[in-house]
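Report on one structure; see the data block that follows.
The values are calculated or read from the model by the stated rules, or taken from the named source; none is laboratory data. It should be emphasised that the depicted structure is a prediction, and the values quoted were computed from it without experimental measurement. Using ideal geometry, Cβ is built from the backbone for each residue, glycine included, and neighbour counts are taken over all protein chains shown.
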Amino acid sequence: MSRGIVVACLAGLWLLAGAVQAEKAWVRGAPLNLRSGPGTAYRILASSQPGDPLEVLKRGDGWTQVRTVEGKTGWIAAGYLDPEAPPAVRLSQIEAEAERLRSTLASTTDEADRLRESNSSLSSSDSGQKESIERLTQENYKLRAGTRYAEWLMGALIFCTGMALGAILHGLSGRRRGSRLRL
């Protein structure tokens, strides 16, 4: 692996780790000055209003390095940042989430209705198939019984024919049997 690829991979991982570690904060209280360094002696770069979202980059001694939504980076006094969004922002987030959930509920309800209809048609199809299976089973029993009936009849015919033939042959033999019992 070339050294350039390794360096690029490490740089990408470092940037990814920085992005994962970034946390959100919101300005609270009064408007704040975004300064070029951690202290009041540094020049003012911009101003942030209460409720403005900021990305926390680094925390220092009483000061926090932040990035604004516009991409400006600077320092703000740490006590003026709130880790929770202001109520108005949270309300809009909750309203957006509620709308998303309503949409999900509507699609889920539609899907449930479709599945109920499908289940109903499959149930009626299933009962029809059960009736067909029962009818075919009864028909199969009748066919088996009819086949057995013919076998039994053929066996009885052969047996009776053999008995009759034996009686005829015995009568034609002309030989009388004597009684075997002699006293």
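Brief remarks on what is shown
- The residue that is surrounded by the most Cβ atoms within 10 Å (Cβ to Cβ), among those in segment 49-77 that are of a type in the set (A, V, I, L, M, F, W, C) and assigned to a strand (DSSP E or B), is VAL66.
- Condition check for ARG90: of a type in the set (Lys, Arg) and at pLDDT 85 or above: no
- Residues of segment 151-183 that are part of a helix (DSSP H, G or I) and at pLDDT below 75: none at all.
- Scanning segment 30-46 for residues that are loosely packed, with under 14 Cβ neighbours inside 10 Å and over 16 Å from THR68 (Cα atoms) yields a count of 5.
- For the residues GLY71, GLY62, the requirement of being out of contact with any Leu (no Cβ under 7 Å at 6 or more places or on another chain), at positive phi and either of a type in the set (Lys, Arg) or in contact (Cβ under 8 Å) with a residue 24 or more places away in the chain (or both) singles out GLY62.
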